[in-house]
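The values are calculated or read from the model by the stated rules, or taken from the named source; none is laboratory data. From a predicted model like this one, the values you see are computed outputs, not experimental measurements. Counting neighbours? That spans all protein chains shown, and the Cβs are built from the backbone with ideal geometry, glycine included.
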Amino acid sequence: MNLDLPVYMLDISEDLQDDAQVDFIALVDRPAIQKNWNAFNNKQKFEIVSEDMRIISGPIMLADTPIFRSDIHYGDYYVAFSANTILKIMQKYFRKGFQSNVNMMHNGELTLEDVTLFESFQSDEKRGIPPMKGFEDTPWGTWFGSMVVNNEQVWEEQVKTGKLKGFSVEGMFNYKPKEVNQISALINEVKNILSQVK
């Protein structure tokens with residue numbers, strides 16, 4: 001991580017009429033590309049939990065984890081989502097009934113039929129909700145989910161072969177470039193320590 005780059009916290013509105021939201025989850029093979037919306041792959045693999053039941057599970061969004069971005073407007077920078085923002089994203093996602101909004105590789109023309117998010121939770125130390133087994137090293141506030149893949153072609157040709165390896169969200173977000181946040185504070189603390197070590 002380049003400590004000289006800014007970190008922007010992304011957020012959404014709880015207003016159901018506002019387009020700032022996650023509206024699709026993609027099954028991807030590598031980190032996704034940013035276009036006029038943001039698409040993120042948190043570099044965490046999902047796992048085939050049940051081959052008979054065709055269930056894949058894993059982290060969907062990591063809390064307080066910087067993700068590198070580069071665009072014309074901001075240049076090179078990092079973005080992150082707080083645990084509170086992820087909770088708002090999850091609740092809005094389900095309130096709007098987006099559970100079957102799944103595509104492949106963030107391609108709007110590759111919307112996947114018969115692939116549905118049917119389990120979802122956020123790890124929360126205070127509420128006693130641990131991370132999903134196998135992903136204990138993820139930060140508190142991470143969004144986990146399970147999808148059932150009833151699409152024969154996607155299951156046989158993409159998931160079982162390992163061509164698709166993880167979840168990646170896409171949507172529209174509000175940037176909070178000037179807000180003080182835990183990540184910026186931590187980065188500044190690391191910079192301060194490094195400047196004292198010679």
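In the range 132-157, what count of residues is obtained for those that are in a loop (DSSP other than H, G, I, E, B), within 23 Å of I86 (Cα to Cα) and touching a residue at least 60 places away in the same chain (Cβ under 8 Å)?
First pass over the range 132-157, keeping only residues in a loop (DSSP other than H, G, I, E, B): 132-142, 150-151.
Okay, now just the ones that are also within 23 Å of I86 (Cα to Cα), so 132-142.
Adding the requirement that they be touching a residue at least 60 places away in the same chain (Cβ under 8 Å) leaves 132, 134-135, 138-142.
Residues meeting the conditions: 8.
How do the strands (runs of 3 or more DSSP E) wholly within the range 44-108 filter down when requiring 1 or more residues that are touching a residue at least 12 places away in the same chain (Cβ under 8 Å) and among the acidic types (D, E): which remain? Walk me through how you get there before you give the answer.
On the way: elements: 47-50, 55-61, 67-71, 75-80, 102-104.
Fully inside the range 44-108 and qualifying: 47-50, 67-71, 75-80.
Could you tell me whether any residue of the range 144-164 is among the basic types (K, R), more than 18 Å from D23 (Cα to Cα) and surrounded by 13 or more Cβ atoms within 10 Å (Cβ to Cβ)? Yes, some residue in the range 144-164 is among the basic types (K, R), more than 18 Å from D23 (Cα to Cα) and surrounded by 13 or more Cβ atoms within 10 Å (Cβ to Cβ). Of all residues in the range 108-124, those that are out of contact with any helix residue (DSSP H, G or I) (no Cβ under 7 Å at 6 or more places or on another chain) and closer than 20 Å to M61 by Cβ total 7.
Of all residues assigned to the range 91-108, none qualifies as being surrounded by 20 or more Cβ atoms within 10 Å (Cβ to Cβ), closer than 18 Å to E51 by Cα and either among the hydrophobic types (A, V, I, L, M, F, W, C) or at pLDDT 95 or above (or both). Residues that are more than 14 Å from Q91 (Cβ to Cβ) and exposed (fewer than 15 other Cβ atoms within 10 Å of the Cβ) were ranked within the range 8-30; the one that is modelled with the lowest pLDDT is R30. Only one of the numbered conditions (1) in a strand (DSSP E or B); (2) modelled with pLDDT of 85 or more; (3) of a type in the set (F, W, Y) is not met by F40, and that is (2). Just one of the listed residues (D124, D137) is at pLDDT below 90 and not basic (K, R), and it is D137.
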